[in-house]
Amino acid sequence: MTSDETGKSITSTDLIHHGYEPPGGFKSVVPGIFKASTVVFENTAALRSRQWKDKSGYTYGLHGTPSTFTLEERLSTLEGGTRTLLVPSGLAAIGLVGLALLRPGDEVLIPDNAYGPNKDFARGELKQWGIEHRFYDSQDAAALEGLINERTRLLWVEAAGSVTLEFPDLAGLLAVARRHPRITVALDNTWGAGLAFDAFAIPTPQGPQPVDISIHALTKYPSGGGDVLMGSITTRDPAMHHQLNMTHMRLGLGVGANDVEGILRGLPSMPLRYAAQDAAARRIAEWCQGRGEFLQVLHPALPASPGHAHWVATCRAAAGLVSLVFDGSRYSAQQVDAFVDALRLFKIGYSWGGPVSLVVPYELQGMRRFGPFAAQQGTLVRLAIGLEQVDDLIADLDQALSALGPANA
């Protein structure tokens, strides 16, 4: 307890239930950020009648605030959908899709080159719940038909493929799936970021075709700062959104207001950052092609990169990822690690889309069961291009290559 200037005692009740209301009409460039678990109702009628599922009102922090609703609507515009859900990470988005749409006895088909934790989720949780999975070659749409059976309910597609960056035959895969109306097509659109191509208008010979669901690791390009974890799930189908939304609610999946603020702040500059990192990645990929140390340079815009023709038919841009393949018969894994360790501007770390360039080495043996990397040995080094000057990044790669040492004869 304390006293004001008149000597009146001031209690915590006075401070908590203070009568001041700020004037309305305040607007700023940045949307307001609302933090809440409890939402206050005007009366019991409002408590009983207010609805959150259609974003017409607020009931509890987990079910939405003005901040989360604003971000969801902006992401729907970015992705080309109509309804979006926010989850704590891109992997949480993948998990929610499986939990909401699959039942014991169902089957999911996943690209062999999909994001590794997506495959691990199928091998682990989905399998123990009686949901089967199979992996397929994203470059071979014709072979997909032979994998589909009466239990197939979900088809994942990913563009470009994780780490090895093969661009899939999206048009061909969609054509196969649409011959089976019971199958939901879900796209991991993190690489494309809603900018490289339109998830809900994939170019096909029959005209633009939509996927059913687009998930996005907002951790990457939408954040742009390397400091936020979040994911999204975007649809156009109201019934499917409702199904996802109910599972989302029952799992209690929420995102923090400060993280929402980070994504809202990053979104306006994302097209500029994406274009800059795309351009830098292409320059670096072309420079790497001229170096004898690399067996192969992987980037969908390069004619020799797997799936390049599909990329040309689908995309108007590419992300800032480049993968470098070292021949295992010429350079040992230890030599490649020495190259990675010698980099100065590229920092060793997972993820991408932030301002700092990143690098991670991967062993190719056993990574793939289909396609050009199925039997390949050696080390792949993935570069995630940041916002540094591209000439500085090329100079960094150049100096680090000297740490490889001599190649084996």
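Can you give the extra length, in nm with one decimal, that the chain gains between Tyr350 and Ser402 once fully stretched, where that is 0.36 nm per residue apart less the Cα-Cα distance?
Length gained between Tyr350 and Ser402: 16.3 nm.
Report the full-extension gain for the segment Leu147 to Ser329: residue separation times 0.36 nm, less the Cα-Cα distance, to one decimal in nm.
62.0 nm
Return one number: the angle in degrees, 0 to 90 and rounded to the nearest 10, between the long axis of the Cα atoms of helix 270-289 and the longest principal axis of the Cα atoms of the chain.
10
Using a 10 angstrom cutoff on alpha carbons, build the Gaussian network for the chain and name the most mobile of Leu170, Leu15, Leu144.
Leu15
Antiparallel versus total DSSP beta bridges in segment 44-269: what percent is that, nearest 5?
The antiparallel fraction comes to roughly 40 percent.
Taking the Cα centre of segment 44-269 as the origin, how large is its charge dipole in debye, to the nearest 20, when only Lys and Arg (+1) and Asp and Glu (-1) carry charge on their Cβ atoms?
Here segment 44-269 has a charge dipole of around 860 debye.
Under 13 Å from a point placed 7 Å out from the Cα of Arg134 along the Cα-to-Cβ direction: which residues of segment 159-179 have their backbone N that close?
none
Tell me the angle of helix 238-251 to the major Cα principal axis of the chain, expressed in degrees between 0 and 90 and rounded to the nearest ten.
Roughly 80 degrees between the two axes.
Which of rounded, prolate, oblate describes segment 271-404, given a ≥ b ≥ c as roots of the alpha-carbon gyration tensor eigenvalues and a/c under 1.5 marking rounded, otherwise prolate only if a/b is larger than b/c?
Oblate is the answer for segment 271-404, as a/c is 1.5 or above yet b/c matches or exceeds a/b.
Could you pull the Rg and Dmax for the chain, using just the Cα atoms, both in Å?
Spelled out, the Cα radius of gyration and Dmax of the chain are 24.3, 91 Å.
Output the antiparallel fraction of DSSP beta bridges having both residues in the chain, as a percent to the nearest 5.
60
What distance in nm separates the two pseudo spin-label positions at Asn43 and Asp237, each 7 Å out from Cα along the beta-carbon direction?
4.2
For the chain, with only Lys/Arg (+1) and Asp/Glu (-1) charged at the beta-carbon, what is the dipole magnitude about the Cα centre, in debye rounded to 20?
Here the chain has a charge dipole of around 840 debye.
If I stretch the segment between Glu21 and Ala375 completely, what's the gain in nm (0.36 nm per residue apart, minus their alpha carbon distance), one decimal?
Answer, rounded to one decimal: 120.6 nm.
Using the Cβ atoms and a cut-off under 15 Å, what net charge is assigned to the surroundings of Gly161, where Lys and Arg are +1 and Asp and Glu are -1?
-3
Quick one: among Gly24, Gly207, Gly64, which has the greatest mean-square fluctuation in a GNM of the chain with alpha-carbon springs under 10 angstrom?
Looking only at Gly24, Gly207, Gly64, the largest GNM fluctuation is found for Gly24.
Could you work out how far apart the two model spin labels at His180 and Glu125 are, taking each label as a point 7 Å from the Cα in the direction of the beta carbon, and quote it in nm?
Simple spin-label model gives 2.3 nm for this pair.
Taking the chain as a Gaussian network, where each spring joins two C-alpha atoms under 10 Å apart, which residue of Pro181, Pro31, Pro303 fluctuates the most?
Pro181
Measure out, as a whole number of angstrom, how far apart the alpha-carbon centroids of segment 13-60 and segment 313-354 sit.
About 48 Å separates the Cα centre of segment 13-60 from the one of segment 313-354.
Within the set Lys53/Lys119; Lys35/Lys127; Lys35/Lys55; Lys27/Lys53; Lys55/Lys119, which residue pairs have Cα atoms separated by over 28 Å?
Correct reply: Lys53/Lys119; Lys35/Lys127; Lys55/Lys119.
Read the figures in this text as sums done on the coordinates, not as results from a lab. Keep in mind the model is a prediction, meaning the values are calculated, not measured. Positions of Cβ are generated from backbone atoms using ideal geometry, with glycine treated the same way; all protein chains shown enter the neighbour counts.
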